[in-house]
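Reviewing the structure listed below.
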Amino acid sequence: GDLDKVVNLLLSLSGRLARVETALGSLGPHAPAEDKVALREKQRLLVAQLEDAKELKEHVGRREEAVGAMVARYLPAEHLQDYQHFIKMKSALIAEQRELEEKIKLGQEQLLCLRESL
């Protein structure tokens, strides 16, 4: 459960940071200075939060290793391999699910814009 939460947090913060950086890049030379300052401050905060989330993921990783060592004592080799595969795939599947959800959301927004333009 903690792994799910940390991976989702990392993905969320990365996405928000990317949007802020895109907004910063799209500001023209005549954009109000307060907009630039606000976006840079938001960027700074998101970078700090992302670093904290990475530390949290490392902590969860260490806990995962400790749990894995305990589980290894009680499971036969074949079940242990299944467990290890499950843990590895879980993060990848969470990331893929999040990416697909974002693509669906983007597609729905584009569809809405197309409908409104017709």
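The values are calculated or read from the model by the stated rules, or taken from the named source; none is laboratory data. Quick caveat: nothing in here was measured; it's all calculated off a predicted structure. Cβ coordinates were reconstructed from backbone atoms using ideal geometry, including for glycine residues, and neighbour counts include every protein chain displayed. When the accessible area is computed, the model is the full protein with side chains, heavy atoms only, and any ligands, DNA or RNA have been set aside. Shrake-Rupley method; radii C 1.70, N 1.55, O 1.52, S 1.80 Å.
When the range 5-55 is filtered for residues that are among the small types (Gly, Ala, Ser) and either on the phi > 0 side of the Ramachandran plot or in a helix (DSSP H, G or I) (or both), the ones remaining, listed by number, are SER12, SER14, GLY15, ALA18, ALA23, GLY25, SER26, ALA33, ALA38, ALA48, ALA53. Residue count for the range 1-50 under the criterion of being farther than 15 Å from SER91 by Cα and either without any contact (Cβ under 8 Å) to a residue 24 or more places away in the chain or surrounded by fewer than 12 Cβ atoms within 10 Å (Cβ to Cβ) (or both): the result is 27. Looking across the range 81-102, not a single residue is modelled with pLDDT of 90 or more and open to solvent by less than 60 Å² (accessible area, probe 1.4 Å).
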